[in-house]
Structures are given as structure tokens and as C-alpha cells.
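The values are calculated or read from the model by the stated rules, or taken from the named source; none is laboratory data. Predicted model, so just to flag it, every value in this text is computed and none were measured. Positions of Cβ are generated from backbone atoms using ideal geometry, with glycine treated the same way; all protein chains shown enter the neighbour counts.
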Amino acid sequence: MKLSEKELEIVEILERDARIPNEDVAKMVNLSLEETEAMMKKLEDQKIIVKYSSIVDWSKISGHEGVTAMIDVKVTPKRGKGFDDVAERIYRYKEVKALYLMSGAYDLSVVIEGKSMNEVAQFVSEKLSTLDSVISTTTHFILKKYKHDGTIFEKLDDDKRIVVSP
Amino acid sequence: MKQTKSYLSKTVDELRPSGIRRFFDLAAGIEGVISLGVGEPDFVTSWSVREAAILSLEQGYTSYTANAGLMDLREEISAYMEKNFQAPYSAKSEIIVTVGASQALDIALRAILDPGDEVIVVEPCFVSYGPLVTLAGGKGVTVQAEKENDFKVRANDIEKAITNRTKAIMICSPNNPTGSMLNREELEEIANIAKKYDLIILSDEIYAELSYDEKYVSLAAIEGMKERTILISGFSKGFAMTGWRLGFVCAPEEITQAMLKIHQYAMMCAPTMAQYAALEALKNGREDVEEMKKSYRRRRNYFVQSLNEIGLDCHIPGGAFYAFPSIKRTGLSSEQFAERLLLEEKVAVVPGDVFGASGEGHIRCSYASSMEQLQEAVKRMKRFIDKL
């Protein structure tokens, strides 16, 4: 779908900060509030803006640190359906946070979040590897998140400028 | 021994310190200040540029370069100026890499001025223009760009200030502090004056990369102007590289060679690692410049509209990252306004009069701050105005 320049700007602004007041977005793109909100609604309806969510650093919340694993999955594609069928059977699990079809040595990349390594291991052995089309799985646990969705977790962008300069 | 002060050069002793200094001291002592008083980008230099400088250090490029700067860098500057600004300059004989645009201004003035020569300085302008003219032995003659014309100088106002001692005109577009940008017609009118009276124009184009509504036109791209233009630019603003102190100056060969004499005796060359950083900026940094520009434009739109909404009349600045609203309706002088705003609401801005007489009644606000900071600043400024 081709977006207008203003629509594209709205998408970029909201992707950076979804909580910015609509009035401010309107000013930034030089449109009236009504026009801006109509565009936002259209973008939402068309599922271009899919959802507004927050990036949370769960590792800072004691008792909720959790573990994340990326699992390389090799599967046998189904005649007529390709990878879509097996993908759907995997992404319907709420433990699956992300799922991508990949080029290269394996087919699906599955991102799983669980409370513990044990929980993830259980999911892989009981749910994932028992699916008919799954040939093999390789599980990688994430040890530390440095940057996620373009956001660096450690704060290093403090303003180092002098307060007043010519 | 005589009093120490008596050893000072009379010229330097009589030079007024910049009015910005006082605000810096005032603001620096207060906690929790939102500063809109900063004359530099809020972006940190692109990582690829910083990496290039680190690499140059690792590889041991720590010695002098040619006086005029690394040949590779001058070639990149030459290509950059031709491609983006239709201003072709010879890398070999018409470009010098300098320590910021500030040093470029200094050597340009020193290269052309004899004692008593007059330079027309269009105000409001960067605080160093007048003092640099004085230090170069010249005499600054100010011409005011007025609010009524969105702070764009009128060519006939320049003409009125010309005498038989006038040698050059200094202009800066997009402008610090007003953000105003001259379009092709306005530049042509000034160019015609320069041609008519046979004058040089010092064109400070340091903000050339940051124009938001119209395509930027370089003075050197105006017909017949390249031979009488000293074009000053650099990496500080567009490429977010203020602290690297790297600028450049382009001019006709005879003037360039004269500036090079001063540069080689007084400076040797610009810092080597910064030159390697600039090389990377020109080779691979244009995309980042576009991103930053987009971000400034959005913040400008937000901030200027917000200023007008809270009752501070502000023209739409076509470039740079400054808004220059009028505060006349508050009845305060710009200095009073800025000082009270700082003390009462902890927002630092710069009083407009430090940039020249016609800046009085205005304040310079830099919108090179995060959206969150700008939103909070607008809130505080509204509160301040409402209670006046």
C-alpha cells in the first residue's frame, strides 16, 4: 500500500513514541487534529499500525526476570500450503512471542519466553518437537538484551552539551 | 611593573564579552534546567563517523596533515559542494579545511581586511562576526534584518550602508539566531549589490544542510558570484560534529592562497583525527543527515506552532534549529524575559539582543532538544506568560 507523505510521517512518529499526544502529532506534521486522527484511524484499520505496546525491561523486575530463547526449527513444508500451516500451529501458542520464516540453514525462527529454562525446555520437547512436520530444533537462550526494537536498554544518551552556547 | 591590564591590546581590552556568557553562568548554577539555549544539535555524531576516528587513531594517523587538509577530504568536500550545492571548487587550490567554521571566518576576514576597511554585518547574527571584524583590523557596520520581513535582510538596507571603505558583506543563511533562510531571489538582490559596488560576500553556510521548506541555494551557485564569494561551511551543524571543530572555507584561488598563509602560520592544520571522521561523514553520512533533518523539521513544526499558541508571535523559520519569537507583548525586555523565565520556570533561552539591535524584544529558542523536553518547556513557558 502506498502511503502519503503525511501518513508516513505519522507512522514514523508513532513508531518512535506511541504515547505522544495526538495534538502534538498534528502539530509535527502540520495538519489539524481532526485530519491527523482520521489518518491514524485509517492506519489502524488497515493494520499498518498493528498495535501500540511498551518495551519492558523485565530483567529489572525481581521475580519476573524470565528467559527468552530463539529456536531454529527445520520443518517439512506441506504440499499446497508451504510453511504457513505449520507456522500457524506454532504461533498460536501464547509462549511464542515471535515467529519468522527464514532463508538459510533452517526454516522457522521461533522466539519463546518462559519463566525458567525448564519451562522453555519443556515447551520445546513437548509441544514444538512433537509436531508432525518438525524435523529438528536447536535452542539458543538469550543471556542479555542490549538492544531491542531499536532501543538500547542501558541509558547512554544523556545530554552532554553545555547549557547555553552561541 | 605596570598594572597587568595595561599590557593588554587596546583592541582586545575594548572588546565586549559575549552576552551569552552571563546566561551560561546563570543557567549553569541551577538544577533541573531545560535548556533551549544550546547552539548545537542534540544528536551525538553518527557511530560510523566516531568509529572512523577511532580507527584512524588505532592505525596511528596522529601526525600533521597538509596545511589545507587531507587531499582525500578536500576532494570529498569538492564533490559534496558541487553535487549538493552546485558550487564547484577545486580541491587543490580553492578549499581549506579549518578548525570549525569559526576559524574559517577569522582567516577570511584577516585575508581581506586592511585597517579601517568596512564590513557590513547583517544582524541579528552569530555573536562572533562583529568582534572578528574588529580583531582583523576592520570596522563592522551593522545592518538590521527586521522582524517585519521575517528577519530577512533587505538588499536596499545593505546598499544604504555602503561607503567607499566597504569591502565585504557578511551574511548567514539559514540564520543563527533567527532561523530565517534567504531564497534565490533574495540572494540575487544582495548579489546584485555586491556586483554593483564590487564587494566580496562572506557567506556563512554552516546551516545549509538544515533547510526544511525550500531547497537551499548557495550564494556561490548564483551566477557571477563564485568569484566574489568566500563560502564558509563545516560539519558541526548538519553532521552533528560540533566538538570535532571541523569546518572548511571555499574561495577563489587568490583569496584561498592568502587565507592559507594565515592558516599555515597560525594553525598548521585542522586536527587529523577529526579530518578522518569528516571523510567518513561525507562518504557515508548523508543518510543520517537526512534523518536528523526530518527530526528537526517535525520538532520545528511542533515548537513554532506551540509558541504561537501560547501567545509568543513567531515566524516560521525555514532552516537551522532556532525559533526566534517576539516577547514584546509581555512588556519585558528580552534580557528580563530570559532571566525571569530561567529563574522562575527553569527554562534557559538566549535574549535576542545579544545577536544584534533588531534582536531586542525576541528570544532565541533552540528546538534541538528531545520532544519530551520541548513539551515540558512549552508547558513551563505558558505558565510563565500566563502569570505575567
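Worth a mention:
- Taking every residue in the stretch B:15-35 that is at the interface with chain A (Cβ under 9 Å from one of its Cβ atoms) and pairing it with any residue that is among the polar types (S, T, N, Q) and assigned to a helix (DSSP H, G or I), at least 6 positions away or on another chain, the pairs with Cβ-Cβ distances below 9 Å are B:Ser35/B:Gln373.
- Sole residue being out of contact with any strand residue (DSSP E or B) (no Cβ under 7 Å at 6 or more places or on another chain), in contact (Cβ under 8 Å) with a residue 40 or more places away in the chain and either within 30 Å of B:Gly130 (Cα to Cα) or among the polar types (S, T, N, Q) (or both), chosen from B:Glu339, B:Glu360: B:Glu339
- Boolean, B:Tyr80 is away from chain A (no Cβ under 11 Å), closer than 24 Å to B:Asn175 by Cα and either at pLDDT 95 or above or surrounded by 15 or more Cβ atoms within 10 Å (Cβ to Cβ) (or both): yes
- Which numbered condition B:Gln275 misses (of (1) surrounded by fewer than 18 Cβ atoms within 10 Å (Cβ to Cβ); (2) among the polar types (S, T, N, Q); (3) within 16 Å of B:Phe239 (Cα to Cα)): (1)
- Boolean, A:Glu12 is of a type outside the set (Gly, Ala, Ser), surrounded by 12 or more Cβ atoms within 10 Å (Cβ to Cβ) and within 14 Å of chain B (Cβ to nearest Cβ): yes
- Scope the stretch B:218-234; condition within 18 Å of B:Tyr80 (Cβ to Cβ) and surrounded by 22 or more Cβ atoms within 10 Å (Cβ to Cβ); matching residues: B:Ser218, B:Leu219, B:Ala220, B:Thr229, B:Ile230, B:Leu231, B:Ile232, B:Ser233, B:Gly234
- Being under 21 Å from B:Met241 (Cβ atoms) and either within 14 Å of chain A (Cβ to nearest Cβ) or assigned to a helix (DSSP H, G or I) (or both) is not true of B:Val12.
- Search result, residues across the stretch B:318-357 that are more than 13 Å from B:Pro177 (Cα to Cα) and among the polar types (S, T, N, Q): B:Thr330, B:Ser333, B:Ser334, B:Gln336
- Test: A:Val11 is outside any helix (DSSP H, G or I), within 18 Å of the chain's Cα centre (by Cα) and either modelled with pLDDT under 95 or hydrophobic (A, V, I, L, M, F, W, C) (or both): no
- Taken together, the residues in the stretch B:286-317 that are more than 16 Å from B:Ser180 (Cα to Cα), more than 14 Å from chain A (Cβ to nearest Cβ) and not in a helix (DSSP H, G or I) amount to 2.
- Any strands (runs of 3 or more DSSP E) falling wholly within the stretch B:111-202 and containing at least 3 residues that are surrounded by fewer than 22 Cβ atoms within 10 Å (Cβ to Cβ) and not assigned by TED's automatic domain parsing to the domain that holds B:Leu36: B:139-144
- Checked against the criterion of being under 21 Å from the mean Cα position of the chain (by Cα) and outside any loop (DSSP other than H, G, I, E, B), the stretch B:253-261 has at least one qualifying residue.
- Exclusive hit being over 26 Å from B:Glu290 (Cα atoms) and touching an Asp or Glu at 6+ places or on another chain (Cβ under 7 Å), set B:Glu123, B:Glu94: B:Glu94
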